[in-house]
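Chemist: I'd like to ask some things about the structure below.
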Amino acid sequence: MRTLFAFIRKQYFFFLFISLELIAVLLLISHNPYPHTKIINSTNIITGKVNAMQAAVSDYFYLKKANQALADENARLRNILKTSFLLSDTNEYVFLDTNFRFIPARVISNSTQRRNNYLMIDKGRKHGLQEEMGVISPSGLTGIVIEVSENFSTVMSLLHQDARFSATIRKNGQLANIVWDGYDYRYATLLDIPNHIKLEEGDTVQTSGFSFFFPAGITIGTVEELQSGSTENLNRATIRLSVDFNSLYQVYVVKNLMSPEQRNLLKQQENE
């Protein structure tokens, strides 16, 4: 131990120099957006590759579950296929609704126990992904893409304090909002329900379609318990989420082909 202390005293200026260099680099990164962004992207790439290797090892054990999820998704798509068409006077489906495209991706890392939770998926810029794209799973709404590298993307989960989604109650079309209370990954809170709306346990909550991220009708969850609201006119409810965030494997990134046009119109309205 004395030898170690003697060595440190002898090399005091060297260790001081290294410490000051590290502090200078940290200050440079934190106050300059360009190097900060480059380091974040590099970290995402490295982390993504490590997570991809770890996920590959466990793929075998999830094949049965993944195959079942894909089979369920195929069945659901077949069941709703006719809703993607317009019915002509000749009783033929002649027009395919092309507003949305779905890009399959695999979850390679995920968290559920934090206040702000994220996923990483194995698709990135070269696969056509961009920031602010919605993400769903075979079971329902999952999150929104917030960072994209060449081969990977980070998704802000529904289980995040900043996540807020426009929703409707399927049986009556009533608008509401979904937020997460930060405690249990199985439940979320449905807000802004007018007190004249009668909810029952098991009522389905789905996306409203009033956003650039998701089409209407994507399942979010079912009503578990009606609560008293913060005002006399509005109530809230606990919903059981349709997605099991603790076992996410297969997801689909939602590409809204009309998003640029919609955003341009919105920008024009804001400038008026």
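Chemist: Can we say Asn116 is at pLDDT below 90 and either under 21 Å from Met258 (Cβ atoms) or surrounded by fewer than 24 Cβ atoms within 10 Å (Cβ to Cβ) (or both)? Reasoning before the result, please.
Modeler: Details: at pLDDT below 90: no; either under 21 Å from Met258 (Cβ atoms) or surrounded by fewer than 24 Cβ atoms within 10 Å (Cβ to Cβ) (or both): yes.
Here the answer is no, as Asn116 does not meet what is asked.
Chemist: Hey, another quick one. Considering each residue of segment 182-220, count those that are touching a residue at least 60 places away in the same chain (Cβ under 8 Å), among the aliphatic types (A, V, I, L, M) and part of a loop (DSSP other than H, G, I, E, B), and give that number.
Modeler: Total satisfying the criteria: 1.
Chemist: Test of understanding: among Val148, Val179, which residue is without any contact (Cβ under 8 Å) to a residue 40 or more places away in the chain and under 12 Å from Ile220 (Cβ atoms)? Write out each step before concluding.
Modeler: Details: Val148 fails: under 12 Å from Ile220 (Cβ atoms).
The unique qualifying residue is Val179.
Chemist: Further question on the same structure: Only one of Asn172, Asn177 is out of contact with any Gly (no Cβ under 6 Å at 6 or more places or on another chain), part of a strand (DSSP E or B) and polar (S, T, N, Q). Can you tell me which? Give the derivation first.
Modeler: Working: Asn172 fails: part of a strand (DSSP E or B).
Of the residues listed, the single one that is out of contact with any Gly (no Cβ under 6 Å at 6 or more places or on another chain), part of a strand (DSSP E or B) and polar (S, T, N, Q) is Asn177.
Chemist: Somewhere in segment 207-224, is a residue surrounded by fewer than 16 Cβ atoms within 10 Å (Cβ to Cβ) and either in contact with a His (Cβ under 7 Å, 6 or more places away or on another chain) or farther than 26 Å from Val135 by Cβ (or both)?
Modeler: Taking every residue of segment 207-224 in turn, none turns out to be surrounded by fewer than 16 Cβ atoms within 10 Å (Cβ to Cβ) and either in contact with a His (Cβ under 7 Å, 6 or more places away or on another chain) or farther than 26 Å from Val135 by Cβ (or both).
Chemist: In segment 225-246, how many residues are at pLDDT below 90 and surrounded by fewer than 16 Cβ atoms within 10 Å (Cβ to Cβ)? Before the answer, list the steps.
Modeler: Within segment 225-246, the subset at pLDDT below 90 is 225-236.
Restricting the remaining residues to those that are surrounded by fewer than 16 Cβ atoms within 10 Å (Cβ to Cβ) gives 225, 227-228, 230-234.
The qualifying residues number 8.
Chemist: Do the conditions hold for Leu96, that is, is it modelled with pLDDT of 95 or more and among the hydrophobic types (A, V, I, L, M, F, W, C)?
Modeler: Details: modelled with pLDDT of 95 or more: no; among the hydrophobic types (A, V, I, L, M, F, W, C): yes.
For Leu96, the condition - modelled with pLDDT of 95 or more and among the hydrophobic types (A, V, I, L, M, F, W, C) - is not met.
The values are calculated or read from the model by the stated rules, or taken from the named source; none is laboratory data. From a predicted model like this one, the values you see are computed outputs, not experimental measurements. Using ideal geometry, Cβ is built from the backbone for each residue, glycine included, and neighbour counts are taken over all protein chains shown.
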